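This report concerns only the one structure given below.
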């Protein structure tokens with residue numbers, strides 16, 4: 001008998017039929033003797049409907065009241081699932097974040113979990129009940145309703161699994177696991193049986209939107225085994241774990257991640273003196289523009305070129321800011337390109353293998369794809385290329401690192 | 001400076017535009033220096049939408065989960081109103097029933113309020129904030145969400161007014177007050193300036209659906225002055241109060257109530273022996289059929305006729321039950337009529353005036369309307385007549401008791 005935390009996202013509870021299917025899934029675990037704590041998102045579309053109501057009143061609604069409003073979405077689904085479980089003679093009890101209680105700080109709309117009271121949940125489990133908890137929400141020390149921000153239901157699931165010392169946290173989504181890359185781009189992409197938290201973090205932050213980044217960090221920190229599965233079809237999914245040793249074969253590269261939503265900006269001819277980076281990026285970050293890759297090219301003439309990438313939506317705003325910065329710094333000019341894409345290879349295996357980066361550059365060169373920027377970490381190499389070459393680059397890398405399903409390389 | 005509790009129903013918060021109008025109304029009270037606690041219902045249609053979701057899963061959904069589900073409706077409106085108030089620079093804070101806290105028993109879907117903690121509300125009022133509370137809901141001693149049943153937002157409003165010792169509780173609806181009778185039936189019906197709790201109870205229970213009965217009982221018990229007003233148009237509305245003395249003129253009759261949804265059943269030729277009434281009504285009430293008027297006619301031949309009224313929807317069910325009772329009791333037969341209506345005159349004035357009932361019978365006789373049943377209380381006389389005469393009877397009584405607006409009788 002094991003204890004599982006199941007988390008179902010908005011699509012998995014998007015209709016009465018889907019909620020009934022979730023009840024069947026939970027019952028199948030109960031029937032074989034497992035204990036289950038379920039974390040639910042709001043029905044798909046519901047959170048946006050609620051936000052729409054608020055935005056119809058005020059462009060920038062009061063954050064405390066916003067959380068009171070949007071937290072109703074999950075409250076609806078937990079009640080409905082308990083009804084569907086009761087219909088199947090599976091005793092169940094629902095809890096809002098406040099009822100559990102999931103104590104958070106008071107940062108409305110982006111609260112952080114501080115403590116979880118497991119008392120009621122343990123009592124219910126001991127009494128043979130399924131516990132159904134509203135994801136994405138908590139309560140602060142004053143009794144105010146808080147939310148953890150978009151995608152926060154994953155975090156709730158992982159946090160409950162950690163607090164309850166669950167055997168596994170299952171994240172049910174509309175995909176059946178984590179793939180070597182996006183199967184829509186590479187037809188031969190393979191589902192991974194296992195992946196490490198670190199790899200998953202790099203995959204997630206680079207555009208594979210299977211899991212919310214914070215939940216993976218949390219799972220890694222508290223060593224909660226995470227499994228990504230489909231709520232539609234049965235299957236083993238992908239297990240995300242710390243135990244690198246348990247991965248029978250360590251391929252060099254676990255997957256190829258990519259992101260189209262990028263734009264790059266370059267301040268050309270910046271005087272090469274200390275403090276320049278902060279004088280360029282300070283105004284950008286004060287405008288709440290998030291910066292991703294940063295590269296400073298060394299030039300010979302006592303000036304330097306400073307390049308960074310931002311979300312494509314922030315491109316024009318960032319450019320306007322940089323025009324002023326160019327004048328202030330006495331730089332030559334500001335150039336930019338919003339038709340770029342980022343491609344990354346990710347794998348813990350590259351730690352112990354030299355030459356992974358050069359294999360990547362070779363594979364791209366063989367396709368005549370020019371590399372505009374390079375950035376590396378211990379388990380990832382990212383390059384920026386022209387957007388039009390994105391699919392070509394991903395397929396070439398997927399094949400050259402032997403990730404294709406038709407290859408004999410096993411997982 | 002006064003303290004008001006405002007309660008707005010589902011129609012008054014049925015759209016963003018209506019919520020903005022409520023914010024304007026509340027602001028107008030704040031602007032003149034009054035303190036305001038607002039109680040809100042769910043947006044009209046929302047509670048039915050939520051019930052529809054539950055019914056799609058189970059015909060008889062788990063009551064605890066039903067309350068978790070439907071209580072989200074008010075949680076949405078309190079957040080939206082606070083946003084609309086913030087936009088008008090009126091500081092406000094929302095509370096669910098659980099947050100206040102409004103402590104109830106654990107009778108899900110029909111919970112009764114046991115205690116109200118006024119601490120947070122008083123702090124907010126002292127800090128210059130409007131307090132916005134979700135109507136219709138509370139929390140039991142175990143922390144479970146409860147609801148007070150349909151129309152329970154009125155009760156929340158009155159209970160908060162009692163707990164806070166508010167100067168008045170305003171119930172905003174889609175009508176501008178309590179009328180002498182239904183203006184759709186009698187064009188000359190007048191709005192009453194004042195009416196007593198007792199009269200209002202008789203009016204409410206007899207089909208004038210302006211206020212929920214329990215809230216009027218509650219207001220009477222705790223002597224909370226209630227005012228019924230329109231949320232659409234400004235006006236003084238109708239004050240419901242205990243202070244009969246303050247009513248300058250006491251008309252004999254305050255209003256004419258009526259109800260079309262009745263049916264009557266008669267067991268004919270019942271042996272006139274003790275215990276017969278309970279042997280007739282016992283099986284009816286065990287079938288959860290509510291009985292309204294009961295009349296037992298004395299006959300000379302040691303048998304009696306026993307007549308009572310039920311809701312028209314229960315007519316066939318009650319008839320089937322009585323067929324058996326007739327056999328068991330050795331009664332002659334069971335007759336019935338579901339084309340009847342009940343008309344009542346209501347007024348505290350009749351306590352001290354003889355002959356009110358006979359004036360009523362005279363007025364009906366003048367129109368050749370036959371009276372089928374009569375039932376009286378201290379401040380009301382009800383008669384059952386054929387349904388087709390209903391409008392005629394109401395208009396005749398309205399006129400004969402000098403209630404018409406064109407008359408010179410002032411309120």
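None of the figures in this text is laboratory data; all of them are computed from the coordinates on show. Not measured: the values here are computed from a predicted model. No Cβ is skipped: glycine too gets one built from the backbone with ideal geometry, and neighbour counts run over all protein chains shown.
Summary of values
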quantity: Scattering curve values for chain A, log₁₀ I(q)/I(0), Debye with Cα scatterers, q = 0.08, 0.14 Å⁻¹; calculated: -0.51, -1.25
quantity: Protection proxy ranking, peptides B:321-328, B:89-96, average beta carbon neighbours within 10 Å, highest first; calculated: B:89-96, B:321-328
quantity: Segment A:3-174: radius of gyration over Cα atoms, expressed as a fraction of 2.2 N^0.38 Å; calculated: 0.98
quantity: Antiparallel content of DSSP bridges confined to the protein assembly as shown, in %, to 5; calculated: 65 percent
quantity: Where N is the number of residues in the protein assembly as shown, Cα Rg divided by 2.2 N^0.38 Å; calculated: 1.25
quantity: Label distances, nm, residue B:213 versus same residue in remaining copies, Cβ-directed 7 Å point; calculated: 6.0
quantity: Per-copy distances of the residue A:317 label point, shortest first, in nm (7 angstrom along Cα→Cβ); calculated: 6.0
quantity: Chain B, closest residue to the rotation axis toward A, by beta-carbon, whole angstrom; calculated: B:72, 2
quantity: Cα gyration tensor, segment A:105-188 - rounded (a/c under 1.5), prolate or oblate; calculated: oblate
quantity: With Cα atoms, 0 to 90° folded angle of helix A:152-164 axis to chain A main axis; calculated: 60 degrees
quantity: Distance in nm between pseudo-label sites at residue B:55 and residue A:388 (7 Å out along the Cβ direction from Cα); calculated: 5.9 nm
quantity: Rounded to 5, percent antiparallel among DSSP beta bridges of segment B:85-142; calculated: 40 percent
quantity: Alpha-carbon centroid distance for the pair segment B:39-82 / segment A:91-142, whole angstrom; calculated: 21 Å
quantity: The protein assembly as shown - mean residue ellipticity at 222 nm from DSSP helices (-39,500 (n - 2.57) per run, n ≥ 4, rounded to 500); calculated: -10500 deg cm²/dmol
quantity: Spin-label proximity, residue A:17 to segment B:30-62 - amide N less than 15 Å from point 7 Å beyond Cα toward beta carbon; calculated: B:57
quantity: Angle between chain B longest axis and helix B:315-329 axis [Cα atoms, degrees, rounded to 10]; calculated: 40 degrees
quantity: Rel. contact order, % - alpha carbon contacts under 8 angstrom, at least six apart, segment B:256-400; calculated: 30 percent
quantity: Fraction of beta bridges assigned by DSSP in segment A:1-134 that are antiparallel (%, nearest 5); calculated: 20 percent
quantity: Using alpha-carbon coordinates, inclination of helix B:276-286 to the longest axis of chain B, degrees; calculated: 40 degrees
quantity: D_trans [Stokes-Einstein, Kirkwood Rh over alpha-carbon pairs] for segment A:252-320, 25 °C, 0.890 mPa s, µm² s⁻¹; calculated: 185 µm²/s
quantity: Relative contact order of segment A:1-108, pairs being alpha-carbon contacts under 8 Å that are 6 or more residues apart, as %; calculated: 29 percent
quantity: Inter-chain shielding of B:99-106 (mean C-beta neighbours from other protein chains, 10 Å cut-off); calculated: 1
quantity: Shielding by partners, peptide A:56-64 (average Cβ within 10 angstrom, other chains); calculated: 6
quantity: Rh by Kirkwood over Cα pairs, then Stokes-Einstein D for segment B:256-400 at 0.692 mPa s and 37 °C, µm²/s; calculated: 204 µm²/s
quantity: Cβ neighbours within 10 Å from other chains - mean over B:139-148; calculated: 2
quantity: Exam field: residue B:376 pseudo-label spacings to other copies (7 Å along Cα-Cβ), nanometres; calculated: 10.3
